[in-house]
Every structure is written in C-alpha cells, then in structure tokens.
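The structure is given below, and queries will be raised subsequently.
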Amino acid sequence: MVTVAPPQGWSYALHLPHDPRAPRVARMTLRAALTGHGMGELLDVAELLTSEMVTNAYRHTKGPSSLRLRSVRGGRLRVGVWDSDPHIPAPFDKPPGPFGAPPVPTDSDSGRGLFLVQECADAWGGWPLGDQLFGTGGKLLWFEVGEDGGCVSDAA
C-alpha cells in the first residue's frame, strides 16, 4: 500500500548501535520509508549511498550512529548519518565541486565509498558538531537525491 506524504513532508530517525548489521538495518528502514511514501524511483541510489555512509560510521568509529531520512521539496530525499567521530573525511572536508580520483590504489577493496556518494548524489556535505548534539559531538554527513534516481539509474 502506498501512502501519500503530507504537504509538510516527512522524516524518520533511527538510532543504530555499533553493530555490523547496522548497514542492513539502515537499508531496510530506507526501503520501507521510500516504498511507503511512493518514492521507489530513488531507492537504488539512496540505498547504495546510505549503505556506504552507515558502513563508514561503523568501520571508523567505536560508538553508535544514527540515520535521518527526510523528504524535501520537489520529490527529493535527504539522508543524514551522524557518528561520534568529529573528523570530516575526504571528500566531504571540501566544498562540493570538481574532484579527482579517490586517494586509494585502484585494486583496493575499500576507500571509495564517500567518493561514490559525491559522484552519485545531487548534493552532499558534512558538518563537525562539536558538543552541539546533547554533548555527544561527532559529525553529520548528508546527501540529497532527486527524482532522476542518480548514477545507479544511469548505469542501467
């Protein structure tokens, strides 16, 4: 059953423990929210990028993380991932714009996730939070995708 999003939009927040299953739980939550709100055309790219960001939060911190999904004007989705480490990783440490190849060897099995987000998302960014979030600090990385479905749809 598809529901209609209220005019003011919608948002969901999910607290994720430091657990290797967190990326899968995040993907399942994203899938349920987008399907329920009739935004299935964004699913492939949003699921890929959300998985990359939640996986990074798990792999590079020792604490919990959280996922925030929010509809924004024009049929767009904004996904935010908070974690406890205040360090903003490349390429999110620079303003959006032209970028080079990821700083990893071409035969590496990891190290390209955030560059993939940068390539496929319509907009992206990151903020160090200091002690702004209930004294927990950390950072928030986010991306936004629109109705065109991003780079996953382009590859099909």
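For the stretch 42-75, what are the residues that are in contact with a helix residue (DSSP H, G or I) (Cβ under 8 Å, 6 or more places away or on another chain) and among the charged types (D, E, K, R)?
Result: 44, 47, 52.
Now for a different question. When you scan the stretch 54-71, how many residues do you find that are open to solvent by 40 Å² or more (accessible area, probe 1.4 Å) and assigned to a loop (DSSP other than H, G, I, E, B)?
Qualifying residue count, the stretch 54-71: 2.
For the stretch 1-33, what are the residues that are at pLDDT below 95 and not hydrophobic (A, V, I, L, M, F, W, C)? So that I can check it myself, show each step before the final result.
Within the stretch 1-33, the first condition is being at pLDDT below 95, and the residues that meet it are 1-9.
Residues satisfying the conditions are 3, 6, 7, 8, 9.
Would you be able to tell me the number of residues in the stretch 30-43 that are surrounded by fewer than 18 Cβ atoms within 10 Å (Cβ to Cβ) and touching a residue at least 24 places away in the same chain (Cβ under 8 Å)?
Total meeting the criteria: 4.
The values are calculated or read from the model by the stated rules, or taken from the named source; none is laboratory data. Source: prediction; values computed, not measured. With ideal geometry, Cβ positions are generated from the backbone for all residues, glycine too; neighbour counts draw on all protein chains shown. All accessible areas refer to the heavy atoms of the entire protein, side chains included, with ligands and DNA or RNA removed. Shrake-Rupley method; radii C 1.70, N 1.55, O 1.52, S 1.80 Å.
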